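Colleague: First the structure, then my questions, so here it is.
The values are calculated or read from the model by the stated rules, or taken from the named source; none is laboratory data. Note that the structure is predicted; figures quoted are calculated from it, not measured. Cβ sites come from the backbone with ideal geometry, for glycine too, and all protein chains shown count toward neighbours. To get the accessible areas, we keep the full protein, side chains included, count just its heavy atoms, and leave off ligands, DNA and RNA. Shrake-Rupley method; radii C 1.70, N 1.55, O 1.52, S 1.80 Å.
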Amino acid sequence: MNGEAAARVPVQRDALRAPTARAGWRIGAGAAALLAFGVGAVAPQYVASDFILKLADGGLLLGILALAIAFLMSQTGLVTIGAASVYGGVGYFFAIGMTEWDLSPLAAIAVSMVVVILYAAALGALIIRTTPLAFMMLTLAAGEMISHAVLLEGLRDYTSGADGLVVSFQGTLFGLESGDFTNAARFWAIVWTAAWVAGLAAWGVRRSRFGAVLRATRQNEERMRFSGFDTYAPRLAAFVFVNVIAGACGLLHVLNSGFVSPESLGLGVSTNALVAALIGGTATSAGPLVGGLIFAFAQDEFGARGFTQLLTGIAIVLFIVVFPGGVVGALDAFVRGMFRKRQQESD
Amino acid sequence: MLEIEKLSVSYGTVQALQEVDLKIAGAGVLHGVIGPNGAGKSTLLDAVSGRRRPTAGAIRYRGENITRRSVAWRRRRGMARSFQRTNIFQDLTVREQLALVAWRLRDDRVEDVIEVMDLGDYLDEKAGRIAYGVQRRVDVALALIGRPQLLLMDEPGAGLSAEETLRLFEHVRELIRERGIAAVVVEHDVDAVFACCGVVTVLDLGRHLATGAPAEIRADKRVITAYLGSAA
């Protein structure tokens with residue numbers, strides 16, 4: 001101990017309350033975010049070509065899926081490589097709901113999301129206690145099972161096997177027509193809004209007490225249990241949460257493409273999303289979204305040169321070696337370092 | 001407060017504890033557990049705290065058989081423990097981890113724990129970056145949050161000097177007296193145990209050897225033969 005009891009400095013009440021940002025700073029940051037959201041939703045439709053917008057739409061969809069993977073990685077230390085099973089599977093349920101069960105688009109979405117929640121809860125309940133490596137392999141196994149299930153002969157009447165299903169709806173969905181989702185420019189505003197909603201939801205959860213419980217459990221599960229915490233339910237809830245994000249993203253994908261096929265359930269989609277998360281950085285909400293955009297544009301560029309896989313591999317290695325915390329993570333560290341330096345100089 | 005009946009724990013074929021009967025002293029008393037390496041001291045704390053499931057026997061806490069209760073359940077009902085190897089949240093600041101545990105255990109008077117453990121200057125430091133001695137105090141502080149009724153401490157002096165260990169014991173003794181906590185401390189530093197504990201239990205080769213006041217234990221020939229030797 002540092003000294004005798006009498007020499008100890010009395011601690012003020014509320015000692016555990018962390019210092020918070022100044023109100024002015026928070027209002028400024030909120031206004032800047034609002035401006036960025038508004039400009040980002042509208043401006044690209046006027047300045048970018050349809051081709052670029054289509055790439056950006058796909059990149060942001062990949063980014064939202066990457067966000068789900070990154071959230072689970074950063075908060076629980078678990079890596080899922082079965083995210084595409086939900087991303088693509090939800091599209092199948094949406095299509096089957098409308099064509100086979102005569103559901104309205106909204107009801108089909110509701111049914112699809114309930115199925116996602118039930119699936120994630122059941123799978124998570126079984127595998128969330130396993131080691132990180134076993135968890136990863138089990139998500140892979142579950143994903144592969146689902147991608148093979150849609151090809152089963154017995155389900156062909158519903159899934160159309162390898163041919164996939166055409167998805168379109170009559171009337172409106174949330175005030176939008178089918179064409180709004182398939183038009184690259186109009187879909188940009190939708191997917192941009194969805195990215196912000198998903199990003200803010202993940203950001204909010206990260207900053208919440210629930211996020212703190214998840215991170216502390218990741219760091220030291222035993223100490224958490226010895227501090228009175230149940231460490232199982234929060235991780236299960238996080239797994240369901242990321243699958244809901246992946247499911248919502250899958251619905252947007254199927255509405256945008258107007259088509260769902262076994263390819264959208266495949267391992268390739270999951271690994272692309274994982275790579276996008278690593279490129280952007282898993283520690284923030286913006287990282288995976290930026291990673292998705294970088295990945296989509298890079299793939300197009302590499303494809304134009306005829307060496308997609310080779311150049312993608314080289315780029316992934318370079319990105320991860322140069323930016324171990326991802327592009328956004330590196331930027332964040334740089335800005336924080338600048339602020340700290342300036343503060344030290346002013347002190 | 002805590003009664004242990006014929007408690008046995010084995011690791012494969014090794015019997016770490018064999019039919020140990022023990023009644024822990026009441027509130028405000030520091031109950032020391034000593035014994036040579038391999039005596040089963042840490043295993044005893046592991047079994048009582050729920051970290052390791054006994055192979056036989058029963059643990060009663062406040063009159064209830066808790067042998068099969070979870071660690072978190074025991075903690076929420078006032079049984080806390082600290083660890084031989086510091087077991088804290090290395091990447092959280094001291095403030096963050098104390099606040100998190102205080103929230104879970106609904107303790108809105110953590111200031112005195114921070115004061116007693118002398119952590120006021122370290123609240124905004126990441127726990128992994130502070131000195132080992134301070135980390136030990138964070139470990140004990142985490143156990144003290146939530147106003148526990150039974151505190152189990154596994155070698156709180158590990159890694160500290162004899163003087164620091166004695167001072168830590170004095171602080172803990174002061175705290176448990178103030179708060180009426182029953183405390184069990186496993187410790188290798190026999191001098192600190194005899195100086196600060198009201199009751200001492202000696203284990204040897206997984207068996208209960210003796211329990212009594214420090215002076216009685218010092219004079220016990222079985223204890224001298226098995227453990228204390230010339231230290232008595």
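Colleague: Ratio of segment A:62-116's C-alpha Rg to 2.2 N^0.38 Å, to two decimals?
Modeller: 1.35
Colleague: How big is the charge dipole of segment B:113-232 about its Cα centre, in debye rounded to the nearest 20, if each Lys and Arg gets +1 on its Cβ and each Asp and Glu gets -1 on its Cβ?
Modeller: 400
Colleague: Okay, next question. If you put +1 on each Lys and Arg Cβ and -1 on each Asp and Glu Cβ, how big is the dipole of segment B:178-232 around its Cα centre, in Debye rounded to 20?
Modeller: The dipole of segment B:178-232 has a size of about 200 debye.
Colleague: Over chain B, what relative contact order in percent results from Cα pairs under 8 Å that are six or more residues apart?
Modeller: 28
Colleague: If amide hydrogens are placed 1.01 Å from N in the peptide plane, which non-local residues have theirs closer than 5 Å to the one on B:Phe83?
Modeller: Amide H neighbours of B:Phe83, under 5 Å, 5+ apart: B:Asp154.
Colleague: State whether chain A is rounded, prolate or oblate according to the following rule on the C-alpha gyration tensor (a ≥ b ≥ c being the square roots of its eigenvalues): a/c under 1.5 gives rounded; otherwise a/b larger than b/c gives prolate, and the remaining case gives oblate.
Modeller: It is prolate, given that a/c is not under 1.5 and a/b is the larger ratio.
Colleague: Considering only the other residues whose Cβ falls under 14 Å of the Cβ of A:Asn183, what net charge follows from Lys and Arg at +1 and Asp and Glu at -1? Intermediate values should be presented prior to the final figure.
Modeller: Details: positive: A:Lys54, A:Arg186; negative: A:Asp50, A:Asp57, A:Glu177, A:Asp180.
Combined, the nearby Lys, Arg, Asp and Glu give -2.
Colleague: If you don't mind, another one. Among DSSP beta bridges whose residues both lie in chain B, state the antiparallel percentage, nearest 5.
Modeller: On the way: 19 of 36 bridges.
Beta bridges within chain B, antiparallel portion: roughly 55 percent.
Colleague: Once phi is turned into ³J(HN,Hα) by the Karplus curve 6.51 cos²θ - 1.76 cosθ + 1.60 with θ = phi - 60°, what whole-Hz value does each residue of segment A:132-143 show in order, with x for glycine and proline?
Modeller: So the J values, rounded to whole Hz, are x, 5, 5, 4, 4, 5, 5, 5, 5, 4, 5, x.
Colleague: Same structure, new question: For peptide A:226-236, compute the average count of partner chain beta-carbon atoms within 10 Å of each residue's beta-carbon.
Modeller: 6
Colleague: Let me ask something additional. Can you tell me which of B:Val71, B:Val186, B:Val29 moves the most in a GNM of chain B? Springs connect C-alpha atoms under 10 Å apart.
Modeller: B:Val71
Colleague: Summarise the accessible area of chain B (1.4 Å probe, protein heavy atoms) by the percent that is carbon and sulfur.
Modeller: 44
Colleague: Pick from B:Val116, B:Val193, B:Val48: which residue has the top mean-square fluctuation in a GNM of chain B where Cα pairs under 10 Å get a spring?
Modeller: B:Val116
Colleague: Non-local amide H neighbours of B:Arg52 (under 5 Å, H modeled in plane, Pro and chain starts lacking H): which ones?
Modeller: HN-HN under 5 Å from B:Arg52: B:Ala47.
Colleague: Ignoring everything except DSSP H segments at least 4 long, calculate the 222 nm mean residue ellipticity for chain A; use -39,500 (n - 2.57) per segment, divide by total residues, nearest 500.
Modeller: My calculation for chain A gives -24500 deg cm²/dmol from helical runs alone.
Colleague: If you add up the charges near A:Phe135, with Lys and Arg at +1 and Asp and Glu at -1, over every other residue whose beta carbon is less than 13 angstrom from its beta carbon, what do you get?
Modeller: +3
Colleague: Let me ask another. Which Cα, out of A:Pro324, A:Trp188, A:Ile279, lies furthest along the positive dipole direction of segment A:185-341 (beta carbon charges, K/R +1, D/E -1)?
Modeller: Toward the positive end, the furthest listed residue is A:Pro324.
Colleague: Which percent, nearest 5, of DSSP beta bridges in segment B:113-212 are antiparallel?
Modeller: 50
Colleague: Counting only DSSP beta bridges with both residues in the protein assembly as shown, what percent are antiparallel, rounded to the nearest 5?
Modeller: So the antiparallel bridges in the protein assembly as shown amount to around 60 percent.
Colleague: What is the spin-label model distance, in nm, from B:Asp191 to A:Gln170 if the labels are put 7 Å beyond Cα along the C-beta direction?
Modeller: A separation of 9.2 nm, rounded to one decimal place.
Colleague: Taking the Cα centre of segment B:1-136 as the origin and placing charges on Cβ (Lys, Arg +1; Asp, Glu -1), which of B:Tyr132, B:Val71, B:Phe89 is farthest toward the positive end of the dipole?
Modeller: Farthest along the dipole direction, towards plus: B:Val71.
Colleague: Between rounded, prolate and oblate, where does segment B:124-232 land on the alpha carbon gyration tensor, with a ≥ b ≥ c its root eigenvalues, rounded for a/c under 1.5, else prolate if a/b exceeds b/c?
Modeller: It comes out prolate by the Cα gyration axes.
Colleague: Tally up the carbon and sulfur contribution to the accessible surface of segment A:202-347 as a whole percent, 1.4 Å probe, everything protein left in place.
Modeller: 64
Colleague: For chain B, rounded, prolate or oblate, judged on the Cα gyration tensor with a ≥ b ≥ c (square roots of eigenvalues), a/c < 1.5 rounded, else prolate if a/b > b/c?
Modeller: Taking the square roots of the gyration eigenvalues as a ≥ b ≥ c, chain B is prolate.
Colleague: Averaging sequence separations of C-alpha pairs under 8 Å and six or more residues apart, then dividing by the length of chain A, give the relative contact order as a whole percent.
Modeller: 30
Colleague: Based on the Cβ-Cβ distance of A:Arg186 and A:Arg336, what FRET efficiency does E = 1/(1 + (r/R0)^6) give at R0 = 30 Å, to the nearest 0.05? Please report the intermediate quantities before stating the final value.
Modeller: Numbers: r = 37 Å, r/R0 = 1.25.
Once rounded, the FRET efficiency stands at 0.20.
Colleague: Using only alpha-carbon positions, what ratio does the radius of gyration of segment A:195-347 give when scaled by 2.2 N^0.38 Å? Walk me through the numbers on the way to the answer.
Modeller: Values: Rg = 18.8 Å, N = 153, 2.2 N^0.38 = 14.9 Å.
Taking N as the residue count of segment A:195-347, the ratio is 1.26.
Colleague: Return the tail of the calculated pair distribution for the protein assembly as shown, meaning the percent of Cα-Cα pairs more than 32 Å apart.
Modeller: Result for the distance tail: 56 percent.
Colleague: Could you give the radius of gyration (one decimal) and Dmax (whole number) of the Cα atoms in segment B:3-101, in Å?
Modeller: Reported Rg and Dmax, both Å: 14.9, 43.
Colleague: In nm, to one decimal, how far is the modelled label at B:Asp121 from the one at B:Val14, with both set 7 Å along Cα→Cβ?
Modeller: Each label point is offset 7 Å from its Cα along the Cβ direction, giving 4.1 nm.
Colleague: With charges set only on the Cβ (+1 for Lys and Arg, -1 for Asp and Glu), what does the dipole of segment B:1-80 come to about its Cα centre, in debye to the nearest 20?
Modeller: 440
Colleague: While we're here: Expressed as a whole number of Å, what is the distance separating the alpha-carbon centroids of segment B:180-219 and segment A:71-143?
Modeller: 55
Colleague: State the Kirkwood hydrodynamic radius of segment A:70-215 in Å, one decimal place, computed from all pairs of distinct Cα atoms.
Modeller: Roughly 17.4 Å, rounded to one decimal.
Colleague: Of B:Val190, B:His208, B:Ile224, which is farthest on the positive side of the dipole of segment B:176-232, counting Cα position, with +1 on Lys and Arg Cβ, -1 on Asp and Glu Cβ, and the Cα centre as origin?
Modeller: B:His208
Colleague: Once you put a point 7 Å from the Cα of A:Leu310 and another 7 Å from the Cα of B:Arg147, both along the Cβ direction, what distance in nm separates them?
Modeller: That separation, rounded to one decimal, is 7.2 nm.
Colleague: For chain B, what does the helix formula give at 222 nm: sum of -39500 (n - 2.57) over DSSP H segments with n ≥ 4, over the residue count, nearest 500 deg cm²/dmol? Don't skip to the answer; put the middle values down first.
Modeller: Numbers: 8 runs with 76 residues, N = 232.
Value at 222 nm, helices only: -9500 deg cm²/dmol.
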